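To start, the structure itself, in structure tokens.
The values are calculated or read from the model by the stated rules, or taken from the named source; none is laboratory data. Computed from a predicted structure; not experimentally measured. Every residue, glycine as well, gets a Cβ built from its backbone with ideal geometry; the counts of neighbours run over all protein chains shown. The area values use the complete protein model at the heavy-atom level, side chains included, leaving out ligands, DNA and RNA. Shrake-Rupley method; radii C 1.70, N 1.55, O 1.52, S 1.80 Å.
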Amino acid sequence: MPRKLRDDGRIQVYLFVNGKYRYAVTQTTRKDEQIGKYLHTKTIYGKLSHDLVFTPNLRYLTLTEKQRQQLVFPEDWTIPPVGSMIPQDAPKRGRPSYRGAYVSRLYGNTFFLEQVATSIGLYQDLIKAIGSKQAADEMLTIAFFSIISLECFNHISSYQAFQKFPSDRLLDSWDVTRITQSITEQQRQDFFALRTKRTREDQWIGIDSTSCSGYGYHTIDLKWGKNREGDRMRQINELVVYGVSSRLPVYYRKLPGNMVDARTLRVTLKQLADMGFRSLSLIMDRGYLSNDALEMLVKKKHTFILAAKTNLSCVDR
């Protein structure tokens with residue numbers, strides 16, 4: 001038989017014994033018309049000792065005062081005050097909340113890139129070379145966006161709306177142009193000098209260059225060259241010098257698309273010498289192979305590894 005409801009609408013609490021455990025519970029009953037049976041739902045609000053002392057659980061402690069007034073306990077039970085039942089070091093129920101202003105944004109791949117930039121000293125060197133932390137954050141934001149996205153810079157502000165970047169200021173394509181044009185040649189050289197200090201002179205240095213096709217006609221370095229992709233377009237050559245063991249970049253520059261690798265080696269070694277590198281151990285591909293390059297490397301007493309075909313006259317002799 002279902003328990004009778006009280007006339008005042010309040011809910012009666014009674015004792016429920018399950019083996020050696022004694023619980024203070026309430027029970028709601030409803031009849032399922034489809035199966036023709038009564039369904040009983042018990043809600044446990046705590047335990048009851050043999051001397052009828054009530055010990056509440058978290059469900060009872062999280063009730064509001066109005067909800068507690070709806071419960072009717074037997075008169076012979078001992079109900080301690082609510083304040084004395086909550087321990088001082090009791091953990092708060094539910095997830096921790098933040099009541100200030102907040103923005104929910106993704107912070108996974110950019111967090112990884114930030115940790116890499118900090119661990120290799122790139123972020124610190126950029127701040128020293130530029131002289132402004134905000135400008136360094138904006139430059140890293142532009143760099144991170146070009147890495148994690150294939151979109152043009154017209155979409156950088158929309159990415160900042162859901163992706164956390166080093167710069168909190170929303171950037172647009174005009175800002176990207178202004179920031180990149182504000183970098184002076186002296187700042188670039190200062191940055192390369194700081195990166196050079198982090199590279200040991202006794203380690204192997206790798207030199208590599210690649211070509212990038214472009215659709216423009218007014219860029220100075222866009223020239224007709226040997227296009228590896230065969231897309232019949234002008235190109236720009238980009239050269240990177242990096243430490244083989246540290247895997248850190250040391251030097252970077254853009255070159256005209258019609259300049260072959262062998263011609264760039266003399267200029268690159270001169271600029272590396274100006275940056276403090278005297279005795280170098282170089283690793284290069286066979287694009288840098290020529291009689292002039294070999295004679296220059298031997299005369300300057302540089303250790304080098306260079307891929308070459310054995311049937312070439314400069315190698316065979």
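Listed by chain and number, the lysines whose alpha-carbon sits under 16 Å from that of Lys31, ignoring those within fewer than 8 places in the same chain, are Lys4, Lys42.
If you take the alpha carbon atoms of segment 169-317 and fit the smallest convex hull around them, that volume is 153 Å³ per residue.
When only the Cβ of Lys, Arg, Asp and Glu is charged (+1, +1, -1, -1), the dipole of the chain relative to its Cα centre reaches about 660 debye. The mean of 1/r over all distinct Cα pairs in segment 250-291, once inverted, gives the Kirkwood hydrodynamic radius of 11.4 Å. Each peptide in 249-256, 173-180 receives the mean, over its residues, of other Cβ atoms within 10 Å, and ordering these scores from highest gives 249-256, 173-180.
Counting pairwise Cα distances across segment 133-187, what percent come out greater than 15 angstrom? Percentage above 15 Å: 41. Treating the chain as a set of equal point scatterers at the Cα positions, no solvent, please give the Debye-formula log₁₀ I(q)/I(0) at q = 0.15 Å⁻¹. These q points yield log10 I(q)/I(0) values of -1.28.
A crude spin-label estimate for the pair Lys37 and Cys152, with each label 7 Å from Cα along the Cβ direction, gives 6.9 nm. Could you let me know the centre-to-centre spacing of segment 190-255 and segment 284-312, using Cα atoms, in angstrom? The two parts, judged by their Cα centres, are 19 Å apart.
Using the structure shown, list the pairs from Lys128/Lys299; Lys254/Lys299; Lys164/Lys270; Lys197/Lys226; Lys133/Lys197 with a Cα-Cα distance above 29 Å, or answer none.
Pairs exceeding the cut-off: Lys128/Lys299; Lys164/Lys270; Lys197/Lys226.
Along the axis of the charge dipole computed for the chain (Cβ charges of +1 for Lys and Arg, -1 for Asp and Glu, origin at the Cα centre), the listed residues Gly108, Leu280, Met259 are led at the positive end by Gly108.
With R₀ set to 41 Å, the beta-carbon distance separating Thr55 from Arg105 gives a calculated FRET efficiency near 0.40.
For the peptides 10-17, 36-43, the ranking by mean Cβ contacts within 10 Å, running from highest to lowest, is 10-17, 36-43. For segment 152-241, the square roots of the Cα gyration tensor eigenvalues, ordered a ≥ b ≥ c, give a/c of at least 1.5 with a/b no greater than b/c, which places it in the oblate category.
Expressed as a whole percent, the accessible area of the chain that falls on carbon and sulfur atoms is 53 (1.4 Å probe).
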